[in-house]
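Structure first, then comments.
Coordinate-derived values only; no laboratory data. The model shown is predicted, which means the values in this text are computed figures rather than measured ones. Glycine also receives a Cβ, built like all others from the backbone with ideal geometry; neighbour counts cover every protein chain displayed.
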Amino acid sequence: MKGELLNALDQIEKEKGISKEILFETIEAALITAYKKNFNENVQNVIVNINRETGEFEVFSRFVVAEEVEDDKVQISLEAAKKLDSKYEIGDFVDTRVTPKNFGRIAALTAKQVVVQRIREAERNLIFEEFSNRESEIVTGTVQRISKGVVHINLGRTEAILLPSEQMATDRYDQGARIKSFILEVKNTTKGPQVLVSRTHPGFIRRLFELEVPEIRDGLVEIRGISREAGSRTKLAVFSVNEDIDPVGSCVGTKGTRVQNIVDELNDEKIDIIEWSEDPVEYIANALRPSKVEKVIYSEDEKAALVVVPDYQLSLAIGKEGQNVRLAAKLTGWKIDIKSETQFKDALNSGEIDLGEDFDVDAEFDFQ
């Protein structure tokens, strides 16, 4: 057992990166508890030493040399101490060997339990460090099980949790199916690392495009904004730092292959890729695609814009249940009001619309 213990500690130190000395100290502390529990629960000061070379276990009862003994469980008189060794002085420690004959069996079992526990802790710490460094990244795993609406995803070394609030309504979670998700947070719990993932977070869209579009990975095309209603529609604003590169075309890909791969991953979620612009008029008009925009009148101070669209484009500009304009407003950070050309003219003539001095009436954008 002694040789096996030393060999096991050497192997653990190499493979798990746990210091052998830390393991020795942890085992010694556990053996003190084991000794008190199995042999002498009334003992006060107990020391357990493991010989680092041979693996021998030794148990000592420790006493303090005192001029006057008040507690014979922890103190020894100077006279008694000097009988053991004339060098002892007041305040010195006297260790008396009290190793039980059958202590080896208890020690071996305790050492094994401690080593197993430390290995588990070390592995948990390594997993926590690995995945905490990967927060906001995409991971691919296999659906392991579904319990009360919570999807458990096998990531290999650990398990990820996909809560109902982070699931897309269009997703199907079949056991054994491979699935991508976005790491929201990694917690270190008493049961080990807990990896929380999402498929609804806007960051999931960002990472999917980074994986699919080399120009984004290389920093030639930047994602400047994302607004999303998961499972239904996403608007993505992109900008090229190189004027020779078309940011929208780069994301769409040849014959739409790049964006289609992402749409397939998202179960046919619609994705509008628009070009970001520092000009609010152009940016707002772009954000309302696929609708055609005739005019954008805006107030910089109020961060509000009135957008005029052709009569036949009004429902498209607003979108189903207001989704298109809602996502455009979230993407740009502007409050957007949409009117058809007829509504705009009627409102001007009736005085319903008072643009005031804050609005730039001349700010128009030719969508074509």
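Some observations on this one:
- Part-to-part distance (alpha-carbon centres) for the stretch 265-285 and the stretch 175-252, which is given in Å: 15 Å
- For Kirkwood radius over Cα pairs in Å, the value computed from the atomic coordinates appears in the list [x] 27.0; [y] 22.3; [z] 25.6 under label [x].
- The fewest-to-most ranking of 181, 299, 315, 86 by surrounding Cβ atoms within 10 Å reads 86, 315, 299, 181.
- From phi via Karplus (6.51, -1.76, 1.60), per-residue ³J(HN,Hα) for the stretch 84-96 in Hz, x at Gly/Pro: 7, 7, 5, 7, 5, 10, 4, x, 6, 9, 10, 9, 10
- Fewest neighbouring Cβ atoms within 10 Å first, the residues 96, 158 line up as 96, 158.
- The chain - charge dipole about Cα centre, Lys and Arg +1 at Cβ, Asp and Glu -1, debye rounded to 20: 2540 debye
- Using 0.36 nm per residue and subtracting the Cα-Cα separation, the extra length available between residue 268 and residue 342 on full extension is 23.2 nm.
- Result for the chain in a Gaussian network model with C-alpha springs under 10 Å: among 219, 319, 351, the largest mean-square fluctuation is at 351.
- Residues of the stretch 67-107 with an amide N closer than 20 Å to a point placed 7 Å from the Cα of residue 29 along the Cα-to-Cβ direction: 107.
- Neighbour-limited loop hits for trypsin sites (Lys or Arg not before Pro), the stretch 114-181 (at most 15 other Cβ within 10 Å; DSSP other than H, G, I, E, B): 134, 148, 157, 172
- Hz values of 3J(HN,Hα) by residue in the stretch 160-165 - Karplus curve (6.51, -1.76, 1.60), Gly and Pro given as x: 9, 10, 10, 6, x, 5
- On the beta carbon distance between residue 170 and residue 350, with R0 = 56 Å, the FRET formula returns roughly 0.80.
- Here the 3J(HN,Hα) profile of the stretch 58-73, calculated from phi with Karplus coefficients 6.51, -1.76 and 1.60 at θ = phi - 60°, is 9, 10, 10, 9, 9, 10, 9, 6, 10, 5, 10, 7, 9, 9, 6, 7 Hz, Gly and Pro shown as x.
- Rounded Å value of the spacing that divides the Cα centres of the stretch 1-46 and the stretch 91-143: 10 Å
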